Each structure stands twice: as structure tokens, then as C-alpha cells.
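The values are calculated or read from the model by the stated rules, or taken from the named source; none is laboratory data. Note that the coordinates shown come from a computational prediction; the quantities given were computed from them, not determined experimentally. Here the Cβ positions follow ideal geometry from the backbone for every residue, glycine too, while neighbour counts run over all protein chains shown. The accessibility values were calculated without ligands, DNA or RNA, using every heavy atom of the protein model including side chains. Shrake-Rupley method; radii C 1.70, N 1.55, O 1.52, S 1.80 Å.
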Amino acid sequence: MAAFLRQPLEPERRVFVGNAGTYPPFVYAPHLVGVAPMRWLGLAPAAMIYAGRLVSVFAWVALTALAIQIAPARQWTLALLALTPMAVAGAA
């Protein structure tokens with residue numbers, strides 16, 4: 001794992017991603033917040049991916065908490081739905 005985290009970024013090497021156009025670009029904004037500083041620091045792609053995922057999970061928790069807080073009713077139902085395995089896997 002340590003060697004994987006030290007592998008350098010190769011901007012000239014491109015990898016095809018099959019379903020890249022499935023979601024609109026703004027859903028990747030939390031990832032950008034995590035990846036951009038890591039890229040400026042020159043860290044490995046694996047570290048950038050983990051940083052993006054970490055920031056994305058924090059954004060999901062914050063938005064879920066906000067949705068539960070402003071819901072007029074059934075807040076416990078929203079909390080339980082947010083903790084279903086599918087929702088948590090989607091956030092991660």
C-alpha cells in the first residue's frame with residue numbers, strides 16, 4: 001500500500017472510464033475540494049483519490065444532516081433511510 005501511495009502522477013497517460021458521463025459535473029465538486037490541494041502538493045494519484053473520497057463523505061454527512069434538520073416531519077425516517085446500506089455505499 002505504501003508503494004501504491006508513492007506512485008507518481010503521469011498526466012500524459014490517460015485511462016478510459018466507461019461511465020464518466022453518467023452524472024452531471026457538479027456532483028464531483030466535493031471531490032475537487034479534496035483532490036486539488038493534493039495535486040498542488042504533488043501527491044500520488046491514490047492519495048488524491050482517498051482525499052477526494054474523504055471530503056465527499058464529509059459533504060454527504062453535512063448535506064444529510066441539513067436535510068434531516070430542515071425536514072418538516074418524519075426526521076427519524078430520513079435518518080434511517082440515510083443509514084441504509086445502499087445510501088452509505090453510495091456516499092462512500
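Note: relative contact order over the chain, using C-alpha pairs below 8 Å and six or more positions apart, is 27 percent. For the stretch 1-48, rounded, prolate or oblate, judged on the Cα gyration tensor with a ≥ b ≥ c (square roots of eigenvalues), a/c < 1.5 rounded, else prolate if a/b > b/c? Oblate.
For Val35, Val15, Val61, the ranking by accessible surface with the largest value first comes to Val15, Val61, Val35, using a 1.4 Å probe. Going by accessible surface with a 1.4 Å probe and the largest first, Tyr23, Tyr50 read Tyr23, Tyr50. Taking 0.36 nm per residue of separation and subtracting the current Cα-Cα distance, fully stretching the chain between Ile68 and Ala3 would add 19.3 nm. Positive contributions from Lys and Arg (+1) and negative ones from Asp and Glu (-1), summed over other residues with Cβ under 15 Å from the Cβ of Ala46, come out at +3.
The phi-based Karplus calculation (6.51 cos²θ - 1.76 cosθ + 1.60; θ = phi - 60°) puts the 3J(HN,Hα) values of the stretch 27-34 at 6, 8, 4, x, 4, 4, 4, x Hz, whole numbers, x for Gly and Pro. Rolling a 1.4 Å probe over the protein heavy atoms leaves Met1 with an accessible area of roughly 130 Å².
Ordered by 1.4 Å accessible area with all protein chains kept, Phe16, Phe26, Phe58, Phe4 run largest first as Phe16, Phe26, Phe58, Phe4. Each Lys and Arg Cβ is given +1 and each Asp and Glu Cβ -1; about its Cα centre, the chain then shows a dipole of about 40 debye.
With loop membership from DSSP and a limit of 15 other Cβ atoms within 10 Å, the longest segment of the chain without trypsin sites (Lys or Arg not before Pro) is 15-73. The GNM of the chain, with springs linking C-alpha atoms under 10 angstrom apart, assigns the highest mean-square fluctuation among Val57, Val17, Val27 to Val17. Give me the Debye-computed log₁₀ of I(q)/I(0) at q = 0.20 Å⁻¹ for the chain, equal point scatterers on Cα only, no solvent, two decimals. Log-scaled intensity ratios, in q order: -1.06.
Surface calculation, 1.4 Å probe, protein heavy atoms: Thr84 sits at approximately 50 Å² accessible.
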